[in-house]
Amino acid sequence: MTELTGSDVLAEHSEIIRAALKRESAKLFAPQESKTERGLRRFSVRETAEHLKINYNSMRHYLKSVDGIPEGILESGNRRTFSAEEINAIQETLYKAGKIPLNLYPRKAEGDQTSIIACYNLKGGVAKSSTTSNCATFLAMRGFRVLLVDIDPQASLSDIFDVRPDIEGFPSIYDVLKYDDPIQMSEAISGTYVPNIDIVAGSLNMTEFEFETSATYMSGQHQSTPWHRKISNALRTVEDHYDVIMFDTPPHMSFAVIAAVFASNAMLIPVSAGMLDIVGLEKFLNLGSNTLSVIEEHEEGKKYNFVRYLLTRYNKNDPSQLQIGSFLRSELGSNLLRTDFLHSTALTDAGIGMQTLLEVDPSKLNRRTYERIYENLRDIADELEEEIMKTWGREPVKGGA
């Protein structure tokens, strides 16, 4: 009978998989060494108009008539393309020229509140990281300044954006929250290859935060900052620089998750279309309610701008999922987003390369498959944008400028 030392076996297998992933990454992104060096792909005039919610013909006119607007690059086939940075510059130029109304301008004004959204569910496999990463990318392409905060020790969101503190040795969210010699949130922020998206990366060290918090609480040691306020207090020094902050959370209740939900002023709750997922959702909501009620006894006036549910991994050709979707919509009403996050082979393919949809070259996928999931994610981002604009007192504009 073979006897195995668990720690040695797991360490060996971890190293095998790490080395294999590094080899695959080198193949995927050759000759560049990383996604950061490659950056986002370029976008056509039609795609640029889509991201900025501007009529296509109006966009073509503006490109010819508005002074100072980026020209992009003329590629083969007389096809003009723009980088994400150029798209942001086009938006700024058109806004200053009076071509984009305030209701379509995705920057908060003085006195507007940063939308801090917790993507939150204790059930694993409901596409929290995929939802957060893709929604953030769509919002950033529209001009929102987005900060992502990854509090999941698995740090999948950080991996998607090519920021790995456990490997590269720079600060993570743990360094902000730890009890001994914490750093400022600003010191842990990393830029990403997506313009308008910064990230405070997650790391395995976040498990230490749970032990430290428990030990501090049990020992009765005095802390100037209550544990549930550690994230909200840390964000105060940086939140004015962003329009949207999004938390990606782990699939379990923890001190960090509660602190993130407390720091938020909105919740986005992904849920899969399975009966066990719905049963789990009820239990999760009951636990979340009980936990927040304890904190609210000490924090009067804590309110949320919106709490919305998103049906994920949805296959509208599956009768059982159709039935569950209909059930949720009848019970939750407008609290459930109008658009369901569809299951898509395009996102599955993107996931192999740790990419969001907007990083993928559409020509390498079935055109209709790409367009279907692109329109789907666009519509989800539209609904989030509507909620954000409402908090700024701006009525959402249907269509475009």
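The values are calculated or read from the model by the stated rules, or taken from the named source; none is laboratory data. Remember, it's a predicted structure, so these values are computed and weren't measured experimentally. Neighbour counts are summed over all protein chains in view; Cβ atoms, including those assigned to glycine, are modelled from backbone coordinates with ideal geometry.
Listed here are the residues, each with its yes/no results for (1) in a helix (DSSP H, G or I); (2) touching a residue at least 60 places away in the same chain (Cβ under 8 Å); (3) farther than 27 Å from Ile116 by Cβ; (4) among the polar types (S, T, N, Q).
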site	(1), (2), (3), (4)
Asp349	yes, no, yes, no
Tyr370	yes, no, yes, no
Asp379	yes, no, no, no
Glu383	yes, yes, no, no
Glu387	yes, yes, no, no
Glu395	no, yes, no, no
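Number of residues in segment 263-281 that are closer than 13 Å to Phe327 by Cβ and at pLDDT 90 or above equals 1.
Within the set Asn290, Asn315, Asn286, the sole residue that is in contact with a His (Cβ under 8 Å, 6 or more places away or on another chain) and surrounded by fewer than 16 Cβ atoms within 10 Å (Cβ to Cβ) turns out to be Asn315.
In summary, strands (runs of 3 or more DSSP E) completely within segment 116-224 and bearing 2 or more residues that are in contact with a Ser or Thr (Cβ under 8 Å, 6 or more places away or on another chain) and in contact (Cβ under 8 Å) with a residue 12 or more places away in the chain occur at 146-150, 197-200. Residues that are among the acidic types (Asp, Glu) and in contact (Cβ under 8 Å) with a residue 24 or more places away in the chain within segment 101-115 comprise just one, Asp112. Hey, any hits in segment 271-293 for a residue that's out of contact with any strand residue (DSSP E or B) (no Cβ under 7 Å at 6 or more places or on another chain) and within 24 Å of Ile197 (Cβ to Cβ)? No - not one qualifying residue is present in segment 271-293.
Do we have any residue at all in segment 299-315 that's among the β-branched types (Val, Ile, Thr) and part of a helix (DSSP H, G or I)?
Filtering segment 299-315 down to residues among the β-branched types (Val, Ile, Thr) leaves 307, 312.
Imposing the further condition that a residue be part of a helix (DSSP H, G or I) reduces the set to none.
So far as segment 299-315 goes, no, none of its residues is among the β-branched types (Val, Ile, Thr) and part of a helix (DSSP H, G or I).
Out of everything in segment 320-343 that is surrounded by 17 or more Cβ atoms within 10 Å (Cβ to Cβ) and among the polar types (S, T, N, Q), what residue ends up being nearest to Glu383 (Cα to Cα)? It comes out as Thr339. The criterion of being aromatic (Phe, Trp, Tyr), assigned to a helix (DSSP H, G or I), in the same structural domain as Ser130 (by TED's automatic domain parsing) and over 18 Å from Ser232 (Cβ atoms) holds for Phe284. The single condition among (1) surrounded by 15 or more Cβ atoms within 10 Å (Cβ to Cβ); (2) modelled with pLDDT under 85 that His51 does not satisfy is (2).
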